[in-house]
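Single-structure report; data block below.
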Amino acid sequence: MDKKTAIITGGGSGIGFACLEKFISHNYRVIIIDYRIEGIKEKLSSAGISKEDVDIHQANVADFNELESVFTSIHGVGATVLINCAGISPSTNALHEYDVDEWKRCVDINLNGSFYASKLFAQQFLANKLESASVINISSIMGKRGTPGHAVYSATKHAVIGLTKSMAQDYATLNLRVNAIGPGVIETPMTSDWMQDDGFKNYFLTKIPMQRAGKAAEIANTAYFLCSEEASYLTGAYIPVDGGFLAV
Ligand code: NAD
């Protein structure tokens, strides 16, 4: 059977890498777009993934020209999945202490990067006259809540849900479905330092009904479902995968 292709920004680590493993296990090839690519080949090899199944591109999602070059080079592939996973969570500051450049950098990566990749993906979807495709935007529980000290992260993750809802309507009749996932606290390199902190661990026990952090694979499972035919009538949705956090 011919392999389908998924593009994953931020595919070199954490949730993005778990998505890569999930899609590869379901007969996809994966194109990684990440600005940190050192060590990815070794990770693929220890996960038992053939390098023939993965194409690695080093690019900054906040730079439209860099992303456009990558998309131009993969134009003929006819990718049917885009997962916008590249993201950063800047250190916490009360709003009056925010560095303006740090704010802009987070908006550029978490929001503009998702827009740029989605725009280029939609252009290729139309040019290649594909019958269906899926975009997944990785938002956060912070796309539905505010948190002290995290204004820019929360603002970008709210915005990604708006991007999802509008883009879903732009392409609904063409079977290009667009959905957002809201991970709760997930064990990845992004959260590894926090996980050492007793106060943070206590947070699971008090705020998360399932009383544990999530696994990156649990986000990847949801992403795979949303891109599959099983989710053929699902578009414009925000799906929390958070151990019940938003249910409280
Ligand atoms: P991670 O740090 O393990 O992975 C992020 C990946 O994105 C890295 O490979 C990094 O190199 C890449 N990246 C960052 N900026 C980039 C840029 N400008 N251009 C290209 N690549 C870039 O983190 P993660 O926890 O796997 O996070 C993945 C996504 O999930 C992020 O959008 C994050 O906001 C979101 N998220 C994570 C959690 C969590 O608890 N881990 C919770 C909610 C949402």
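The values are calculated or read from the model by the stated rules, or taken from the named source; none is laboratory data. What you are looking at is a predicted structure, and each value in this text was computed from that prediction instead of being measured. Using ideal geometry, Cβ is built from the backbone for each residue, glycine included, and neighbour counts are taken over all protein chains shown. Side chains are part of the model used for accessible areas, which takes the heavy atoms of the whole protein and leaves out ligands, DNA and RNA. Shrake-Rupley method; radii C 1.70, N 1.55, O 1.52, S 1.80 Å.
Some points to look at:
- Some residue of region 187-209 being acidic (Asp, Glu), away from the ligand (no atom under 12 Å from the Cβ) and within 16 Å of SER134 (Cβ to Cβ): no
- Qualifying positions in region 1-46 - in a loop (DSSP other than H, G, I, E, B) and surrounded by 23 or more Cβ atoms within 10 Å (Cβ to Cβ): GLY10, GLY11, GLY12
- Of all residues assigned to region 173-182, none qualifies as being under 16 Å from the mean Cα position of the chain (by Cα), farther than 18 Å from ASN110 by Cα, among the polar types (S, T, N, Q) and open to solvent by 30 Å² or more (accessible area, probe 1.4 Å).
- Residues within region 211-238 that are within 14 Å of the ligand (Cβ to nearest atom) and without any contact (Cβ under 8 Å) to a residue 40 or more places away in the chain, tallied: 4
- Selected residue (criterion: nearest to ILE15 (Cα to Cα)) from residues of region 161-207 that are modelled with pLDDT of 95 or more, part of a helix (DSSP H, G or I) and of a type in the set (A, V, I, L, M, F, W, C): ILE161
- Of the helices (runs of 4 or more DSSP H) lying entirely inside region 61-160, those containing at least 3 residues that are of a type in the set (Ser, Thr, Tyr), more than 13 Å from the ligand (Cβ to nearest atom) and surrounded by fewer than 21 Cβ atoms within 10 Å (Cβ to Cβ) span 64-73.
- Residue in region 48-56 that is open to solvent by 30 Å² or more (accessible area, probe 1.4 Å) and part of a loop (DSSP other than H, G, I, E, B) present: yes
- In region 164-206, the residues that are within 19 Å of ALA217 (Cα to Cα) and not aliphatic (A, V, I, L, M): ASN179, GLY182, PRO183, GLY184, GLU187, THR188, PRO189, THR191, SER192, PHE204
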